[in-house]
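To start, the structure under review is shown below, and the notes come after it.
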Amino acid sequence: MARRSGTGLCEALWPAGSRRRARRKGPQRLRLAAACARSWLIQSNPIHKRVIAEELPQTTRKLGIAPPVVEATTAEELDIAFASAASQHVDAMIVFGDALISRNSMRTTELAAKHRIPPMYLGRQYATGGGLISYSPDFPDFWRRAGGYVDKILKGTKPSDLPVEQPTKFELVINVRTAKALDLTVPPTLLARADKVIE
């Protein structure tokens, strides 16, 4: 049976009758957060309502945690979200990657520093830009794989016959400079798992 993807852009991540090509890696971000902090919060946009309402509870139940969620749809609401996180005295925050965060990447980094909240981002550019940690698909690899889709379509394959593939290559980036600025010690076991460490 077809099911709608998390963003609602397609009915299924693979054609009917085909096998899944990749497992979701979202839960891994939650496991990493749980390994880094005792209490944390999730910042999200209401456009991710299916993920928040269905997928997130399934994962958090397995991990035995129940992190609060704060929403933001505008740059101004990001200020409120970080202030809310600070008032709840959480140790860390997972920031969902979307257009709002992309447009306000510097703002989120500054808010995290202001409220002294270690954030985990989706996208290495946030960690290299001053964020603490990022866990995300290897986007250059994803773009290279997209070329194969273009080739198939140009050779006559119908786009509707192609699965919506999920990324298979992920990378963990840790900014130790930011950790020191926040008076944090990154566990050696986590540093050993990182694909890139920014000293």
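Within region 115-148, the set of residues being at pLDDT 85 or above and more than 17 Å from the chain's Cα centre (by Cα) comprises H115, R116, G147, G148. Examine region 101-120 for a residue that is in contact with a strand residue (DSSP E or B) (Cβ under 9 Å, 6 or more places away or on another chain) and more than 24 Å from T185 (Cβ to Cβ), and state whether such a residue exists. Yes, the conditions are met somewhere in region 101-120. From the residues in region 144-195 that are in a strand (DSSP E or B) and touching an Asp or Glu at 6+ places or on another chain (Cβ under 7 Å), which one is surrounded by the fewest Cβ atoms within 10 Å (Cβ to Cβ)? Here the answer is F170.
This table checks each residue for (1) modelled with pLDDT of 80 or more; (2) buried (at least 19 other Cβ atoms within 10 Å of the Cβ).
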residue: E11; (1), (2): no, no
residue: R20; (1), (2): no, no
residue: G26; (1), (2): no, no
residue: A35; (1), (2): no, no
residue: R61; (1), (2): no, no
residue: A72; (1), (2): yes, yes
residue: D79; (1), (2): yes, no
residue: S102; (1), (2): yes, no
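Among the residues of region 89-102, are any among the acidic types (D, E) and touching a Ser or Thr at 6+ places or on another chain (Cβ under 6 Å)? Yes, because at least one residue in region 89-102 is among the acidic types (D, E) and touching a Ser or Thr at 6+ places or on another chain (Cβ under 6 Å). In region 58-77, the residues that are part of a helix (DSSP H, G or I) form Cβ pairs under 6 Å with partners that are not aromatic (F, W, Y), at six or more places apart or across chains, as follows: T59/P27; T59/L30; T60/A66; L63/A34; A75/N104.
The values are calculated or read from the model by the stated rules, or taken from the named source; none is laboratory data. A quick note: this is a predicted structure, and the numbers were derived from the prediction, not measured. Positions of Cβ are generated from backbone atoms using ideal geometry, with glycine treated the same way; all protein chains shown enter the neighbour counts.
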